[in-house]
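Below is one structure, written out as structure tokens; the observations come after it.
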Amino acid sequence: MGYRTKQREYILSILRQQAGQHVTVAALVRELQDRGTPVGTATVYRTLEQLVEEGSVRKYVLDGKCGACYQYMDVSEKSCQEHFHLKCTECGKLFHVSCAYLNQIGAHLLESHGFVIDHTKTVLYGVCASCGKTTVQQPSKKEK
């Protein structure tokens, strides 16, 4: 277990308040500054790595283009271990998706192919509903 510093408690407090969400280091640093409790970026990284090692935070590395994001793991809940993630290629938002259909795909892969999905690394890429609305073109008057 890591040291119980004020900075660690500030970081944990934000992560707990945003449980179920994925948080970047930049967002954590901004939130700490907004609360009047600035913590250096290096300290945030170091603290997050300690929390990951302890199992109270999960780290998601989505691709080589953007940094990792982190999620607080309530030890009483196992919900984040068994769902898929969707990442919008337009806005960058990451969604948790608990879906019976996707779970059937996971079960099929296990039963038919002996393959176990690692949900911490399972990310499907596409365009979210919000961004999809802005990219859908309205038909012109001539097309109607």
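The values are calculated or read from the model by the stated rules, or taken from the named source; none is laboratory data. Keep in mind the model is a prediction, meaning the values are calculated, not measured. Note: ideal-geometry Cβ built from the backbone for every residue, glycine included; neighbour counts use all protein chains shown. When the accessible area is computed, the model is the full protein with side chains, heavy atoms only, and any ligands, DNA or RNA have been set aside. Shrake-Rupley method; radii C 1.70, N 1.55, O 1.52, S 1.80 Å.
Filtering the stretch 108-142 down to residues that are surrounded by fewer than 11 Cβ atoms within 10 Å (Cβ to Cβ) and of a type in the set (A, V, I, L, M), which residue is modelled with the lowest pLDDT?
136
Could you count how many residues in the stretch 6-27 are farther than 11 Å from residue 71 by Cα, free of Cβ contacts under 8 Å to residues at least 24 places away in the same chain and open to solvent by less than 60 Å² (accessible area, probe 1.4 Å)?
Counting residues in the stretch 6-27 that are farther than 11 Å from residue 71 by Cα, free of Cβ contacts under 8 Å to residues at least 24 places away in the same chain and open to solvent by less than 60 Å² (accessible area, probe 1.4 Å) gives 2.
Filtering the stretch 85-100 down to residues that are of a type in the set (Gly, Ala, Ser) and under 23 Å from residue 70 (Cα atoms), which residue is surrounded by the fewest Cβ atoms within 10 Å (Cβ to Cβ)?
Filtering the stretch 85-100 for residues that are of a type in the set (Gly, Ala, Ser) and under 23 Å from residue 70 (Cα atoms), the one surrounded by the fewest Cβ atoms within 10 Å (Cβ to Cβ) comes out as 98.
Given the options 67, 36, name the one that is surrounded by fewer than 15 Cβ atoms within 10 Å (Cβ to Cβ), on the phi > 0 side of the Ramachandran plot and either at pLDDT 85 or above or touching a helix residue (DSSP H, G or I) at 6+ places or on another chain (Cβ under 9 Å) (or both). Spell out the reasoning first.
Working: 67 fails: on the phi > 0 side of the Ramachandran plot.
Selected residue: 36, the only one of 67, 36 that is surrounded by fewer than 15 Cβ atoms within 10 Å (Cβ to Cβ), on the phi > 0 side of the Ramachandran plot and either at pLDDT 85 or above or touching a helix residue (DSSP H, G or I) at 6+ places or on another chain (Cβ under 9 Å) (or both).
How many of the residues in the stretch 13-31 are of a type in the set (Val, Ile, Thr) and under 21 Å from residue 121 (Cβ atoms)?
Within the stretch 13-31, the first condition is being of a type in the set (Val, Ile, Thr), and the residues that meet it are 14, 23-25, 29.
When the remaining residues are screened for being under 21 Å from residue 121 (Cβ atoms), the result is 23-25.
The total comes to 3.
Quick one: what pairs do we get from the stretch 101-124, first residue under 22 Å from residue 71 (Cα atoms), second open to solvent by 100 Å² or more (accessible area, probe 1.4 Å), C-beta under 7 Å, 6+ apart or different chains?
119/82
Please state which one of 36, 67 is part of a loop (DSSP other than H, G, I, E, B) and more than 14 Å from the chain's Cα centre (by Cα).
Every option except 36 fails the conditions.
Looking at the stretch 77-97 only, could you name the residues that are modelled with pLDDT under 80 and over 11 Å from the mean Cα position of the chain (by Cα)?
77, 78, 79, 81, 82, 83 - these are the residues of the stretch 77-97 that are modelled with pLDDT under 80 and over 11 Å from the mean Cα position of the chain (by Cα).
Kindly list the number of the only condition in (1) in contact with a helix residue (DSSP H, G or I) (Cβ under 6 Å, 6 or more places away or on another chain); (2) in a loop (DSSP other than H, G, I, E, B); (3) not basic (Lys, Arg) that fails for residue 47.
So residue 47 meets the others, but not (2).
Please list, ordered by first then second residue, the pairs with beta carbon atoms under 7 Å, 6 or more apart or interchain, first in the stretch 47-63 and at pLDDT 90 or above, second among the hydroxyl-bearing types (Ser, Thr, Tyr).
48/70
With (1) more than 21 Å from residue 128 (Cα to Cα); (2) modelled with pLDDT of 80 or more; (3) open to solvent by less than 70 Å² (accessible area, probe 1.4 Å) as the list, and residue 74 as the residue in question, which single condition is left unmet?
Answer for residue 74: the failing condition is (2).
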